[in-house]
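Here the structure is laid out as C-alpha cells; the discussion comes afterwards.
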Amino acid sequence: VAAGLDRIQDGVRATWQLGPELQVDPDLRRAVQAMVDKQLPRIRPILNRWLDEARRAQPEAELSQHLGTVWARANNEMSMWQLDSAGPEHDRRQQKAFAHPRACDAPNGKSALEALMHVWNLAPLSERKAYLDSEAELLGRWGTVRAAPPARPSPSLDDVAWRAIDEQIAGKAALPAPLTPVLSWNLLGLPSDRATRKKLNCALQTWMLATDLNQAKGDLPDERWLMHKYARMPDAVSWWDQATPTSPQADEYPSLARSLVVEGSVTVKITRQADGKLLRTEIIRRDLKTPGPKDQRPLFYETLLDEASLAKATALPPGQPTQDEIKSGLYMRQVNFSFVLK
Amino acid sequence: MKHLLMAIALCGLVWAGNASAQAPAARAEEDLVQDEAMNLLWWGDFDELERRHASYQQVDQRTGAGRSKLVLFRTGLAQVFDGPDNSKDAYFAQMDALTLAWARAHPRSALAHVLHAQALLAHGWSYRGHGYANTIPPEALSDFKRYTQAALQYAAEHQADMMRSSSGYVMLLEAGRAAGWDLDRFRAVAQAGMALNDDDEGLYRGWLAAALPKWGGSAAEVDRVIQDIAKRTAAKHGDIYYSRMYAWASDWEFHHQVFSDSRASWPRAKAGYEELIKRYPAAVNINGYAHFACLAKDKPQLLALLQRIGEAPVLSVWGTNGARTYETCQRWATAP
C-alpha cells in the first residue's frame, strides 16, 4: 500500500515540480516553491482518505483496483485545479497572462505549475502578488470537495480555432486577426498533419485568446473564457499525447482508453453539405465510466474517446438528406458511439 | 539552437517553441542577441521588441567581440521576415497584416513602421529570390517591384515617425537597393541616418552594400564609402571600420580577390585589425584578421595569428568555404 501511494504522491509532486530549465526571476521561483512546500504535506493524508473511501465503496475489489481509483482521482484533481477559479479578478488576470505572446515559449514539461510560473514571470511585477495569492488559494483546494465544474462547451475552442485556420487555408474566410509567425510559418507554408497541429495548439490558443480579448475590448464573456479554460486544462489526452494511434481506425478501441479502463458513449454531431460532403464533426456529449470516484465528473478522462468517435463519424456513409435539408444546403445528424471493453 | 529548430521547420517539421526559455548553454553572445530578436518576432512579442530596439539604439551597444547589437537584432528579425524557403504567399501576407496591425495600434513607434516596411520588402524579395535578374520570371520581377514600391510608399507616408530612428534609414537603404536608386541618393540617406545616430553600424553596411559592383557600384565607390566611414569613426575607433568594412566587402562580393579587385590597402587594414584585437581580443576577430592576412599573402602575420588561434579556428569567418579556406591558408603558411 505504501509503495503504491508513494508513486501516486510522486506523480502529484511532479505536476508541481519547478525544474531548473525554466528561466524565471529567482524571487518568483522562491515564492512559488514556498507555496508548493506549504501544500505538499497535505497530499499523503488526502491519498490515505481516498484509499479508505475506495475500500469502503468496493470492499470486494483488490488493492490494485483501489490504488487505481486513488490514482484516477489524483489525476482528476489536476484538471479540477486548472479549471477552478479564484474569482472574476483572478480570471481577468489569467486571461491577460495567457494571452501574452510568449505564453507558450516554455519547456514542455509535465509540471502544470511550471507553465503557470512562466506566464507569471512574463506579467508585470506589480501583479505578481495577486497571481500568487490566487494560486495559493486554488492549490489549497486540492483534494477538497468542490462545486461541479460547468459543462464543457461545444464546439470546443480547438474546433473553432482550427476551423478558422482551415477556412483561411481554403480561401473561404479571412481570419479574425493576423497570425503570429510561429503559426503562419508552420501552418500556411506546408500541409500540417495531426502531430504538427497538436504541437501548435498552445500557440493557437494564445492567438485566439489575444484575438478574443481584443474583440471583446478586454471583457471576455464567461462562456468564451470557459472555452479557453477547457482548452488549456490538462487531461489524459494532452498528458500522454496518445489518445489513439497516429492514424485512428474507426474500428479500433483507443489504446490509452483501454489501458485506463475507460468506456462509455460519445455523441457526435455530423454536418454535411446537401451533396453529402462532410463539413465538420463535433462532440456534443460524453457519458463515460472511469475507475475514478463516481461522485465527480471525470474531467481528466473525458476526451479519451473523442478522436476515435470523430474517426468513426467521419467513416460513416453520408446517408440521405430530406427535401428541406437539400433546400437549406446543409444537413446534420447526431450519432451515438458506444465503447465497451471486452 | 533556434537556428536548428527553424531549419527543421523549413524541412517540414513543426517547431512550437521552448528553446529560448531553457537555460542557455555556452553560446556566443552574438547568437543570443540575434536569436532573442528572432524569438520575439517569432512569437509576436512586439512590446519586448520595442524595448530591445530602444536599448540597442543607445551608443556603444556592442558584444564582447565588438559586434553591433543593433545589427544582430536586425539579422534576427530578418530570419523571420524571410520566411521558410518553401513558404507560400500566405505567410508573407500574414506578416504584412500582423506588422500593419501593430503599426496602426502604435502610430508613434518608429520600429512599428520599420517592421511593416520590412515585411513588405521581404514579401517582394520572396518573389524575386536572390539569383541574378535574368533568372527571375518577369511576373515575379513585377511583384518584387510592386512590394518594393509599397514599402517605399509606406515609408514616405510615415516618414515623420519612422525617421525618428536610424532603423528607418537602414530600412530605406535596403529598399533603395531593391528599387535601384543611384549612389548619390544612398549617400544622402546614409548621411541623414548618421546625423541621427552615427554609431548605427547598419547604416555603414547598407551604404556599403549599395556601393558594391553587383548592385551598380564600383570598386572606386566601395572605397569612397569605406574611406568616408573610416574618417567619421576614426576618432573613436581608429581604422577598425576600414578593416571591418573591407572584410564585409570581401564576404559580400570580392571574396579571395579583395586585394586585387578592390582598392583595399593591406597595411591600413592590418592597422585596423591590430586596433580591433587590442580592444576586442575575441577569437572571432583574431580569425578574421588571419583570414585577411591570408588573402593579403602576408605569411609572417598569418603564421603569428595561426599560432594564437591554435587548434580551434572559428571557421565562420574564413569565407564561404571556411573549413577548406582555413586548411589551405594553414598549408600555405607552413610550406617552406
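One line per residue, one yes/no per condition, for (1) within 17 Å of A:Leu116 (Cβ to Cβ); (2) open to solvent by 20 Å² or more (accessible area, probe 1.4 Å); (3) part of a helix (DSSP H, G or I); (4) in contact (Cβ under 8 Å) with a residue 40 or more places away in the chain:
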residue: A:Val12; (1), (2), (3), (4): yes, no, yes, yes
residue: A:Gly19; (1), (2), (3), (4): yes, no, no, yes
residue: A:Asp27; (1), (2), (3), (4): yes, yes, yes, no
residue: A:Arg30; (1), (2), (3), (4): yes, yes, yes, no
residue: A:Ile43; (1), (2), (3), (4): no, no, yes, yes
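Evaluation of A:Arg56 against the conditions (1) loosely packed, with under 12 Cβ neighbours inside 10 Å; (2) closer than 30 Å to A:Ser126 by Cα shows that the sole unmet condition is (2). Of all the criteria given as (1) in contact with a helix residue (DSSP H, G or I) (Cβ under 6 Å, 6 or more places away or on another chain); (2) modelled with pLDDT of 90 or more, the one not satisfied by A:Leu188 is (2). Tallying residues that are closer than 20 Å to B:Glu253 by Cα and of a type in the set (A, V, I, L, M) within the stretch B:268-309 yields 5. When each of B:Arg108, B:Arg52 is tested for being free of Cβ contacts under 8 Å to residues at least 24 places away in the same chain, open to solvent by 60 Å² or more (accessible area, probe 1.4 Å) and more than 9 Å from every other protein chain (Cβ to nearest Cβ), the lone residue that passes is B:Arg52.
Residue count for the stretch A:131-151 under the criterion of being open to solvent by 40 Å² or more (accessible area, probe 1.4 Å) and assigned to a loop (DSSP other than H, G, I, E, B): the result is 8. Any residue at all in the stretch A:100-112 that is assigned to a helix (DSSP H, G or I), under 24 Å from A:Thr290 (Cα atoms) and in contact (Cβ under 8 Å) with a residue 12 or more places away in the chain? Within the stretch A:100-112, one or more residues are assigned to a helix (DSSP H, G or I), under 24 Å from A:Thr290 (Cα atoms) and in contact (Cβ under 8 Å) with a residue 12 or more places away in the chain. Any residue that is surrounded by 21 or more Cβ atoms within 10 Å (Cβ to Cβ), among the aromatic types (Phe, Trp, Tyr) and within 25 Å of A:Pro124 (Cα to Cα) - is there at least one of those in the stretch A:94-107? Yes, the conditions are met somewhere in the stretch A:94-107. Being closer than 30 Å to B:Ser262 by Cα, in contact (Cβ under 8 Å) with a residue 40 or more places away in the chain and in contact with a Ser or Thr (Cβ under 8 Å, 6 or more places away or on another chain) is not true of B:Glu174. Please go through the stretch A:289-325 and pick out each residue that is touching an Asp or Glu at 6+ places or on another chain (Cβ under 7 Å) and open to solvent by 30 Å² or more (accessible area, probe 1.4 Å). Result: A:Lys289, single match. Kindly indicate which of B:Tyr132, B:Tyr127 is more than 9 Å from chain A (Cβ to nearest Cβ), under 24 Å from the mean Cα position of the chain (by Cα) and surrounded by fewer than 13 Cβ atoms within 10 Å (Cβ to Cβ). None of the others qualify; the one that does is B:Tyr132. Scan the stretch A:204-236 for residues that are under 21 Å from A:Glu307 (Cα atoms) and either within 14 Å of chain B (Cβ to nearest Cβ) or at pLDDT 90 or above (or both) and jot them down. Hits for the stretch A:204-236 are A:Leu204, A:Gln205, A:Met227, A:His228, A:Lys229, A:Tyr230, A:Ala231, A:Arg232, A:Met233.
The one condition from (1) more than 8 Å from chain A (Cβ to nearest Cβ); (2) over 30 Å from B:Val314 (Cα atoms) that B:Ala78 does not meet is (2). What do you reckon, is A:Glu77 more than 14 Å from chain B (Cβ to nearest Cβ) and surrounded by fewer than 16 Cβ atoms within 10 Å (Cβ to Cβ)? Against the criterion (more than 14 Å from chain B (Cβ to nearest Cβ) and surrounded by fewer than 16 Cβ atoms within 10 Å (Cβ to Cβ)), A:Glu77 does not qualify. Reported count of residues in the stretch B:200-216, each being open to solvent by less than 20 Å² (accessible area, probe 1.4 Å) and part of a loop (DSSP other than H, G, I, E, B), is 2. In the stretch A:158-192, of all residues being among the β-branched types (Val, Ile, Thr) and more than 22 Å from the chain's Cα centre (by Cα), the one that is nearest to the other protein chains (Cβ to nearest Cβ) corresponds to A:Thr180.
Yes/no matrix, rows are residues, columns are (1) open to solvent by 50 Å² or more (accessible area, probe 1.4 Å); (2) part of a helix (DSSP H, G or I):
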| site | (1), (2) |
| --- | --- |
| B:Tyr273 | no, yes |
| B:Pro281 | yes, no |
| B:Asn285 | no, yes |
| B:Gly288 | no, yes |
| B:Cys294 | no, yes |
| B:Leu302 | no, yes |
| B:Leu306 | no, yes |
| B:Glu311 | yes, no |
| B:Gly319 | no, no |
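The values are calculated or read from the model by the stated rules, or taken from the named source; none is laboratory data. Since we're looking at a predicted model, the values are computed, not measured. Note: ideal-geometry Cβ built from the backbone for every residue, glycine included; neighbour counts use all protein chains shown. Surface accessibility is based on the protein's heavy atoms, side chains included, excluding ligands, DNA and RNA. Shrake-Rupley method; radii C 1.70, N 1.55, O 1.52, S 1.80 Å.
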